[in-house]
Each structure stands twice: as C-alpha cells, then as structure tokens.
Amino acid sequence: MSLIESDVAPTPFIPGAASGLPSASPALDSSRSPWWQGAAIYQIYPRSFQDSNGDGVGDLPGIARRLHHVARLGVDAIWISPFFTSPMRDFGYDVADYCGIDPVFGTMADFDALVAHAHDLGLRVIIDQVYAHTSDLHLWFAESRSDRGNPRADWYVWHDPREDGTPPCNWQSVFGGPAWTWDGRRRQYYMHTFLKEQPQLNMHNPAVQDAVLQAARFWLERGVDGFRLDALNHAMHDPLLRDNPPAPADGRLRTRPFDFQLKTYSQSHPDMIGFVERLRAVCDEYGVIHTVAEIGGDHPQADRRAYTAGEHRLNSAYGFDFLYAPALTARFVAETLQRWELAPDENGGWPSWAFENHDAPRALSRWCAPEHRGIFARTKMALLMALRGNVILYQGEELGLLQDEIAFEQLQDPEAIANWPLTLSRDGARTPLPWEDLPLGGFTPVSPWLPLSAENLTRAVAIQESDPASLLHFTRKLLALRQASPVLRHGALEDLACDGELLSFLRVEGEERLLCLFNLSPEPLAPSPALQALAVQSDIVLAINGATPAALPPYGVLWVKAR
C-alpha cells in the first residue's frame, strides 16, 4: 500500500549543513509481539465526546453511540479518561470511588455495554487509574482525617507543623500555593500535589497499595484491556520531607510557585519501582494487559526507563515532550527521540507518543502559522505515525481541531482560574467534539459544558466525511498504512539526523528498511545528495505536500522503501 498526495507542486531545494544524531534501537520480532506493541490508541475525553441524555455533558452511552467513528479510523484501542465517581473539582482526576461510575457519565451497566461494544468492533479498552491522590470526599480520606488512631490514619500523607506552625517542608502544588493544607480535626497538615481537594495517598503504606491494586482487579474483571496511569511518578514522596532545592532560572516565564523548585524530594521516589512490579504482576494474571504511565517533571526520562525496564514492569510510558513544546523543529524532534534510543545491546524501552491531549494546547495552534495549517496537519500526522513506539491520538486530532479561546467567565479548569491570565487554560483543548454541520455540532441539544468555536464547527466529522481530501480521510489512510507495515509497528529506529529543518531516520525490521524524510519548515528543502540517491532508487510509500526524492516543498514528507 502507498499513499501519494501531490496537491503541492515541487519547488527548488535549499541545501543545509548536516547535523547527525546517530541512534539505534533493537528491532522486535513482530510474530511474537503483543497486541499493544506499535498500537494506535485513541483518547476519549468523555465529558466532550457525545452527550446522549441532553444535559450538555458527554457520557458513556454517548461514547458507545459514536464508537463506529473510532473503529473506522483503524486504531487498536481507546483510552477513556476518568468517569469514576467524583465531585469534579478536577473533572474526574479527583476520584471519590475507584470502583464507581459518576452519574453524570451513566451507570455500570452502561460501562459494561460500552466495553462489549468496543470489543465487538475490534477495539481494546484502556482506562485511567489515579494512584497519586483521591478526592477529599473519598471515604478513605473521611476516615483518615477523623483522628490519628483510626485504621486508615496513615493512608494519606499527614505531618505535624513546624514549631512556628508553618507546613512541614517547602513543597509546592502544581496548581499554585503550598502542597500542604491544615486540617483542624487532626491538627496536622496533609499533602496534596495538585488541588487541596486531592489529598496525597501514602503509597509507601502496603495497605494502600493493596487497596488500589484491588481496584485495578475490579476493572480487569469487567474486561478492560489496559491502564493509563496518571501522574505515576508523583505517587510517592520522600518520607523525610526534605525541602526541595530552588530551580535555576532557565529563561521561561514562571507562573506558579511550583516552577521555582526542583522536585528532588516531592516526586520520583525510587520505591515506586516496587509498586510498579506489583501492578504488573496483577495485570499479568489477566493476560496481555497494556500499562502505560504518564511521567512528567523536569527530567522524566530516568523514570520512564526505570518504570518500563524488563518484562516485570510497565509496558510503556510517555511524557510531555511534544505536548507542551512551543515549536516543532527538526532538532527538537531528533533530540526528543534520541532520549529514548539506546545502544542496540541495551533496553531502550517502548515509548508512547502524543502530540495532543486533554492537558495540552492543540498542536495546530502551537506549531504553525494559520496559513499553513492545512498542509502542516498532514505533516504532523505523518510524523506521529512514523515514530517507533505506540501513538496516541486525542479526540478531534483527526479533524485538525484548533485550540479554542475560552472567556474567563466560562472557564472550568481550576488551574487556569487560579493562575489567570498567565496559565493557558486546558479547557481550550477539552471543548466538545463537533459531529454534525449544526450550531452545536450534534454534540448536545442544549448548552454544552464548554462552548464550541465557529472555526472548529467547520471541521465537523460529517463535513469531512463528505470531502475525500479531508484530514479525516487522510488520517484513516495513514493508520491503514501503519497497521499493514511491520516495520512501522515494530521496527527499530536508526540513522536519526537533522539537516537544518530536514528530519530523517530509518525504520528497520529484518531486511526491510523504510527511509522517512520530513521538511518541518514552511520553506522548500532538499535531501542531501546521499539521501537523494537512496530515495531515487527506492519505492515511494508516502509522498505528501508535493514531496519527491529530489525536493521537499514546505512541510513535504517522503517515505521510501530503502534498498
């Protein structure tokens, strides 16, 4: 199968100085690879996918109703963001019952029906697990805060104040202010890495580990195929409560006290490895269960490798490398990929990659000028599909949705409200998915929980379905190309290099070699003479935006079978 788009005419090339970044990663035996290796996963943010009952909020029956759209894309699995019982202070990431369905999303019967429907369509189901904290309305916390002698007294991170009454250490919360809140019932401070309504679980306590692992078993028994593990390296703290050191200035604007510290002691505790191995052992009891960790922080790569090393830890991990990147340059991509790629005799781990999600601004609004969005959207999608590892598509990415501007009075995101106007609202990437060419996009018949922009309404599924040249159809073709290609799903990544804004690498599986070239600029470029010679002698697998072996027009992409 090949995919060639020649809607942009070839243009003269501009040579550049080569700057190689050599790398290699071990190829996998695709005949023995589990289903998740090389998978394409589609993230669903349930509040914004489809409203089925007319309350302006998406729900589980709504997901089931629209699931054919996801199946037609050609992905392997869906990841559903939290739908658990919650007061929604952080929209489900503040869990009040790990084994309950919040009524706004439906019932347990709705969830079971959704899993069955997904499996009938050939889709695996991955759900979130949040082990760093719960809601302050969780029954565990209600008991824990009642006094210092109850059975769950040490299920959360409590500590006495300093002699002057101030918090026990200087740790700061992600959403602003100290990571400690005073509780008058226990006359102690409790820790919270995020909102004060999200008290930190004491994951050093074996009983707490047992409890969350029991929750994981509950969902595995209901047929889920994997877990996305939220903020996993935030889930254990330094028991000595040592102060974090100050972070050196790096030129970036600091909008929160959290940005002024290195998180040396408040996250990434080495004892998390023991819990990771316990979780993997539970998952292995249920067959091939996919586990992918969200790993954030200033220097996350050590945790990513540690959490995924060997066959007794997690399958994969991802971070915020691309999600918060202000620009997509060849050097940035090469350096980011290089951090995952180790020598052939080492375990480089199996990465997962996301360019967009519910926490980050839409990539088309970050990475290119408005006049280039049409061609750049194809380049971005082709780059994602060419990477070694798993790829995660966020709902609406296949439509080229843009970041919506949300007025302050309509904001729902607690971080954006707390740090207004310096923190970019996450709400702009969480607006409802437009399905139909209708005023509310067919998402709901009433006022939605977040507004839909006029520009994104023009990118609705129904509109793109009727246009064979749309990004939606192009994304389906790319996914089909990736699914049919062992070298793209399982192959190693080698000869990674950047030459100005020309990014190149090889994907290698056995005797098959796929050369991938990307012009990540709005200016025409050309491959080096050596790359041109290789490309001319090869079969073209993918050519978009007018790309040829001799020239890459603005945002041109070329994949060729190297001989």
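Taking the accessible area of the range 295-400, probe 1.4 Å, and keeping the other protein chains in place, the carbon and sulfur fraction comes to 55%. Rolled with a 1.4 Å probe across the full set of protein chains, the surface gives Ile417 an accessible area near 80 Å². Taking all protein chains together, Arg489, Arg217 sort by accessible area into Arg217, Arg489, largest first [probe 1.4 Å]. When every Cα-Cα distance of the range 280-438 is counted in 10 angstrom steps from zero, the calculated P(r) takes the values 9, 33, 33, 20, 5, 0 percent. Using the charge dipole of the range 236-292 (Lys, Arg: +1 at Cβ; Asp, Glu: -1 at Cβ; taken about the Cα centre), state which of Tyr265, Gly287, Thr255 has its Cα farthest towards the positive end. Of Tyr265, Gly287, Thr255, it is Thr255.
Along the range 231-245 the Karplus relation, 6.51 cos²θ - 1.76 cosθ + 1.60 evaluated at θ = phi - 60°, assigns HN-Hα couplings of 6, 5, 7, 8, 7, 9, 10, 6, x, 7, 6, 6, 5, 6, x Hz to successive residues, with x for each Gly and Pro. Remark: accessible surface ordering of Glu398, Glu409 (largest first) is Glu409, Glu398, probe radius 1.4 Å.
Can you check what the net charge comes to around Ser135, using other residues whose Cβ is under 12 Å from the Cβ of Ser135 (Lys, Arg +1; Asp, Glu -1)? Summing Lys and Arg as +1 and Asp and Glu as -1 gives -4. Relative contact order for the chain: 20 percent, from Cα pairs under 8 Å spaced at least 6 residues apart, divided by residue count.
Seen from all directions on average, the range 104-252 presents a Cα convex hull projection of 12.3 nm².
Charge dipole (Cα centre; +1 on Lys/Arg Cβ, -1 on Asp/Glu Cβ; no other charges) of the chain amounts to roughly 480 debye.
Neighbours of Ala454, meaning other residues whose beta-carbon lies under 15 angstrom from its beta-carbon, give a summed charge of -4 when Lys and Arg score +1 and Asp and Glu score -1. With n ≥ 4 as the cut-off for DSSP H runs, can you work out [θ] at 222 nm for the chain, using -39500 (n - 2.57) per run divided by the number of residues, rounded to the nearest 500? The helix contribution divided over the chain gives -7000 deg cm²/dmol.
Mind checking the angle between helix 373-386 and the chain's longest principal axis? C-alpha axes, 0 to 90 degrees, to the nearest 10. That works out to roughly 80 degrees. Along the charge dipole of the chain, Cβ charges K/R +1 and D/E -1, which of Ala132, Ala216, Leu506 sits furthest on the positive end? It is Leu506, whose Cα lies furthest towards the positive end. Taking the accessible area of the range 483-532, probe 1.4 Å, and keeping the other protein chains in place, the carbon and sulfur fraction comes to 55%.
Accessible area per residue for the chain is 36 Å², calculated with a 1.4 Å probe on protein heavy atoms, without ligands, DNA or RNA. With axes computed from alpha carbons, what is the tilt in degrees of helix 206-221 against the longest principal axis of the chain, rounded to the nearest 10 within 0 to 90? Once rounded, the angle reads 50 degrees.
A prolate overall shape is assigned to the range 422-539, the ratio a/c of its alpha-carbon gyration tensor axes (a ≥ b ≥ c) being 1.5 or greater and a/b exceeding b/c. The order of the peptides 240-246, 66-72 by mean Cβ neighbours within 10 Å, most packed first, is 66-72, 240-246. For the range 459-465, backbone phi angles converted through the Karplus equation (6.51, -1.76, 1.60; θ = phi - 60°) give residue-by-residue couplings of 9, 4, 4, 4, 5, 6, 4 Hz, Gly and Pro being listed as x. Measuring with a 1.4 angstrom probe and ignoring ligands and nucleic acids, Ser453 comes out at about 30 Å² accessible. Can you give me the % of accessible surface on the range 60-189 that is carbon or sulfur? Probe 1.4 Å, all protein chains present, nothing else counted. Exposed carbon and sulfur together represent 52 percent of the surface. Tally Lys and Arg at +1 and Asp and Glu at -1 over the other residues with C-beta under 9 Å from the C-beta of Leu514: what net charge comes out? Result for the neighbourhood of Leu514: +1. Taking Cα atoms only, the orientation of helix 272-284 departs from the longest principal axis of the chain by about 70 degrees.
Once the Kirkwood radius over Cα pairs is known for the range 57-122, the Stokes-Einstein relation at 25 °C and 0.890 mPa s delivers a diffusion coefficient of 197 µm²/s. Based on alpha carbons, the Rg and Dmax found for the chain are 23.7, 76 Å. Solvent exposure of Lys477, expressed as accessible area, is near 80 Å², computed with a probe of 1.4 Å over the protein chains only. Applied to the range 140-155, the Karplus parametrisation 6.51 cos²θ - 1.76 cosθ + 1.60 on θ = phi - 60° returns per-residue 3J(HN,Hα) values of 4, 6, 4, 6, 4, 7, 5, 6, 8, x, 7, x, 10, 4, 10, 7 Hz, with x for Gly and Pro. Amide H to amide H distances under 5 Å link Gln188 with Asp183, where only residues 5 or more positions off or on other chains count and H is placed in the peptide plane.
The values are calculated or read from the model by the stated rules, or taken from the named source; none is laboratory data. This is a predicted model, so every value here is computed, not measured. No Cβ is skipped: glycine too gets one built from the backbone with ideal geometry, and neighbour counts run over all protein chains shown. For accessibility, only protein heavy atoms count, side chains too; no ligands or nucleic acids. Shrake-Rupley method; radii C 1.70, N 1.55, O 1.52, S 1.80 Å.
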